[in-house]
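Chemist: To start, I am sharing the structure in question, which I have written as structure tokens.
The values are calculated or read from the model by the stated rules, or taken from the named source; none is laboratory data. Predicted model, so just to flag it, every value in this text is computed and none were measured. Ideal geometry is used to build each Cβ from the backbone, glycine not excepted, and the neighbour counts take in all protein chains shown.
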Amino acid sequence: MSGKFLALAALCVGIVISSAAFAGMPQPPQGTTRHMQGPPPNLDRMAMTNLIITALELRTGRSADEIKRIIGDRPPHEAADELGIDRETMKAICDQARSTLLDRAVQAQMITTEQAATLKSIPPPRPRSGTN
């Protein structure tokens, strides 16, 4: 057997094996993409969401379940509109939630005071929207 034939055979075997590996991966529901399913769960997002929901309960008088339904996977400005608060108020609520989360992380000795100060000194990531 020639070297070219062996290389071609090895390439074909590699393609088959990698195809089989990808075929076993979970796929998004028909008609959707991974992007449409939202970001994967993570501790920071869950903690921030809980703090924001609590603040919105106090601000709007609505229940946590209703706020969760309204927020869903929407950008904050859309949720603010439906909750009847302006975007600056929503931004302030999100900023306060972030500050509270960092303060609680310091209290729990998960991060240092200096690390919290560093994180507070940089702007938080903001969700992208089509209405900059």
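Chemist: Out of (1) modelled with pLDDT under 85; (2) out of contact with any Asp or Glu (no Cβ under 8 Å at 6 or more places or on another chain); (3) loosely packed, with under 11 Cβ neighbours inside 10 Å, the odd one out for residue 76 is which?
Modeler: Result: residue 76 fails condition (3) only.
Chemist: Okay, next question. Of the residues that make up region 79-88, is at least one surrounded by 13 or more Cβ atoms within 10 Å (Cβ to Cβ), without any contact (Cβ under 8 Å) to a residue 12 or more places away in the chain and more than 19 Å from residue 124 (Cβ to Cβ)?
Modeler: Yes; the residues of region 79-88 include at least one that is surrounded by 13 or more Cβ atoms within 10 Å (Cβ to Cβ), without any contact (Cβ under 8 Å) to a residue 12 or more places away in the chain and more than 19 Å from residue 124 (Cβ to Cβ).
Chemist: Working carefully through the options 56, 6, find the one that is among the aliphatic types (A, V, I, L, M) and at pLDDT 95 or above.
Modeler: Going through 56, 6 in turn, the sole match is 56.
Chemist: A further question follows. Which numbered condition trips up residue 108, out of (1) within 25 Å of residue 40 (Cβ to Cβ); (2) surrounded by 11 or more Cβ atoms within 10 Å (Cβ to Cβ)?
Modeler: Residue 108 satisfies every listed condition except (2).
Chemist: Turning to a different aspect of this structure: Can you pull out the residues in region 60-75 that are outside any loop (DSSP other than H, G, I, E, B), of a type outside the set (D, E, K, R) and under 17 Å from the mean Cα position of the chain (by Cα)?
Modeler: Those that are outside any loop (DSSP other than H, G, I, E, B), of a type outside the set (D, E, K, R) and under 17 Å from the mean Cα position of the chain (by Cα): 70, 71.
Chemist: Something else: Could you look through region 20-45, keep only residues that are loosely packed, with under 10 Cβ neighbours inside 10 Å and in a helix (DSSP H, G or I), and pick out the one that is modelled with the lowest pLDDT?
Modeler: Within region 20-45, the match that is modelled with the lowest pLDDT is 35.
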